[in-house]
Amino acid sequence: MSSTDARALVVGEALVDAVVRPDGSRATYPGGSPANVALGLGRLGRRVDLLTWLGDDDDGDAVRAHLEASGVRVLRGTTRPARTPVATAHLDAAGVATYAFDLTWDLPDAWDEDPGDPLVVHTGSIGSVLVPGGAKVADLLRARRATSTVTYDPNLRPALMGDPADVRPLVEALVELSDVVKLSDEDLAWLLPGEDPADVAARWATRGPGLVVVTLGGEGALAVTSSGARLTVPAPRVEVADTVGAGDSFMGGLVDGLWSAGLLGADRRDALRGADSATLEHVLARCVRIAAITVSRPGANPPGTAELEPPTDAEHQETAVRTGADGTVVDTTPQDPGTHGTVRQATGGGDA
């Protein structure tokens, strides 16, 4: 597959985000975690299709237009819902969102995808769990895994998903189907309360994925590979407008970075599992930068390639901490002390 032919297939919900701010003001934005990932990939110049469940109504038209303006092809299905789903995000004083949902989720019986296998298939959040569509998504991943890298972001919604004990087997089954898993420490605190994120990442990396990444809000992100390498990357400091779409933009950046590194595609599975720390450091540093730009402005509004200028000298002071499989520190650089008065950005959680 040539680089121009390569594409991503993102599977999951697209919806309207209604954002209610602490002062009671309300604004609406196109959203949905997988749709936001597709949006981020489109803005980073990738060819990307979105398989979703949108109504033929004004909200659905607005979501399609928003995605298509950034290069996302929204696949047309033979079946669709009566109305486009809506998620209402209530922001607290720090800009952190909690959600309520009015939606259904399913996959169409058939859709207008181009011939040829995608390089990568991504899913997550509501679309990977909610019935009846969640089981169909799992079947799709099983069918595509032979020819595509599978990436997964649980991006859990406690308000919609019920008891974590019921959700846990579904999440862990999808983890085992995936090559790359990204989730937030907030997801883990709900799904596996009391467990250390690094321990969970290391355990999951033995069950199928070549790479597991946990975003740590203002503390950046950690990553573990199936070969035993561990890596942490700090987050840049920015003023936070809100955290809507933070983890989704990180996820889009992760897929894009692994794509650029030549680590996507079923035939690159072994290379992904054996990826060196320097390569992953470069990828993850760009991911946290992408997320930082996203949280610096309202709504799920990830950056395009033109906005990703080289980091400043101050940001270079916050380099990654790399460790080997035995946990020995390879290198570390102290944080720049001259950045007080700003707020560390959230790299995950609070995505719609």
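The values are calculated or read from the model by the stated rules, or taken from the named source; none is laboratory data. None of these values were measured; they are calculated from a predicted model. Cβ coordinates were reconstructed from backbone atoms using ideal geometry, including for glycine residues, and neighbour counts include every protein chain displayed. Accessible surface areas use protein heavy atoms only, side chains included; no ligands, DNA or RNA. Shrake-Rupley method; radii C 1.70, N 1.55, O 1.52, S 1.80 Å.
Descriptive notes on the structure:
- Qualifying residues in segment 114-135 (those that are buried (at least 18 other Cβ atoms within 10 Å of the Cβ) and among the small types (Gly, Ala, Ser)) - the one farthest from Leu183 (Cα to Cα): Gly133
- Some residue of segment 228-236 being within 30 Å of Gly71 (Cα to Cα), at pLDDT 95 or above and hydrophobic (A, V, I, L, M, F, W, C): yes
- Among the residues listed as Trp204, Trp190, the single one being aromatic (Phe, Trp, Tyr) and farther than 25 Å from Phe101 by Cβ: Trp204
- Lone unmet requirement of (1) of a type outside the set (A, V, I, L, M, F, W, C); (2) surrounded by 24 or more Cβ atoms within 10 Å (Cβ to Cβ); (3) modelled with pLDDT of 95 or more for Gly32: (3)
- Test result for Gly218, at pLDDT below 95, at negative phi and open to solvent by less than 30 Å² (accessible area, probe 1.4 Å): yes
- When residues in segment 223-236 are screened for being within 13 Å of Cys287 (Cβ to Cβ), open to solvent by less than 20 Å² (accessible area, probe 1.4 Å) and outside any loop (DSSP other than H, G, I, E, B), 3 of them pass.
- Which numbered condition Ala82 fails, given (1) small (Gly, Ala, Ser); (2) over 25 Å from Arg268 (Cβ atoms); (3) open to solvent by less than 10 Å² (accessible area, probe 1.4 Å): (3)
- Segment 174-214, subset within 21 Å of Gly12 (Cα to Cα) and β-branched (Val, Ile, Thr), residue farthest from the chain's Cα centre (by Cα): Val175
- As for segment 80-90, it holds no residue that is aliphatic (A, V, I, L, M) and modelled with pLDDT of 95 or more.
- When segment 79-101 is filtered for residues that are within 15 Å of Val244 (Cα to Cα) and part of a loop (DSSP other than H, G, I, E, B), the ones remaining, listed by number, are Asp92, Ala93, Ala94, Gly95, Val96.
- Which listed residue is open to solvent by less than 10 Å² (accessible area, probe 1.4 Å) and either part of a helix (DSSP H, G or I) or of a type outside the set (Lys, Arg) (or both), from Ala38, Ala27: Ala38
- In segment 275-289, residue least open to solvent (accessible area, probe 1.4 Å) [restricted to those that are free of Cβ contacts under 8 Å to residues at least 60 places away in the same chain and of a type outside the set (Ser, Thr, Tyr)]: Val283
- Screening the candidates Asp242, Asp336 for the property of being modelled with pLDDT of 80 or more and either over 30 Å from Ala89 (Cβ atoms) or open to solvent by less than 30 Å² (accessible area, probe 1.4 Å) (or both) yields one hit, Asp242.
- Contact map, segment 81-110: first residue without any contact (Cβ under 8 Å) to a residue 40 or more places away in the chain and within 17 Å of Ala62 (Cα to Cα), second residue assigned to a loop (DSSP other than H, G, I, E, B) and open to solvent by 10 Å² or more (accessible area, probe 1.4 Å), Cβ cut-off under 6 Å, separation 6 or more or different chains; pairs are Pro81/Trp53; Pro81/Thr104; Arg83/Asp57.
- Hits in segment 144-172 - residues which are of a type in the set (Gly, Ala, Ser) and surrounded by fewer than 16 Cβ atoms within 10 Å (Cβ to Cβ): Ala146, Ala159, Gly162, Ala165
This table checks each residue for (1) surrounded by fewer than 22 Cβ atoms within 10 Å (Cβ to Cβ); (2) modelled with pLDDT under 95; (3) assigned to a loop (DSSP other than H, G, I, E, B); (4) of a type in the set (Val, Ile, Thr).
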site	(1), (2), (3), (4)
Ala138	yes, no, no, no
Arg142	yes, no, no, no
Val175	yes, no, no, yes
Ala189	yes, no, no, no
Glu195	yes, no, yes, no
Val200	yes, no, no, yes
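- Residue tally, condition at pLDDT below 95, part of a loop (DSSP other than H, G, I, E, B) and open to solvent by 50 Å² or more (accessible area, probe 1.4 Å), over segment 102-113: 2
- Filter pass, Thr147 being under 20 Å from the mean Cα position of the chain (by Cα) and touching a residue at least 40 places away in the same chain (Cβ under 8 Å): no
- Just one of (1) without any contact (Cβ under 8 Å) to a residue 60 or more places away in the chain; (2) surrounded by fewer than 24 Cβ atoms within 10 Å (Cβ to Cβ) fails for Leu50. It is (2).
- Hits in segment 114-136 (condition: touching a residue at least 40 places away in the same chain (Cβ under 8 Å), small (Gly, Ala, Ser) and in a helix (DSSP H, G or I)): Ser125, Gly127, Ser128, Gly133
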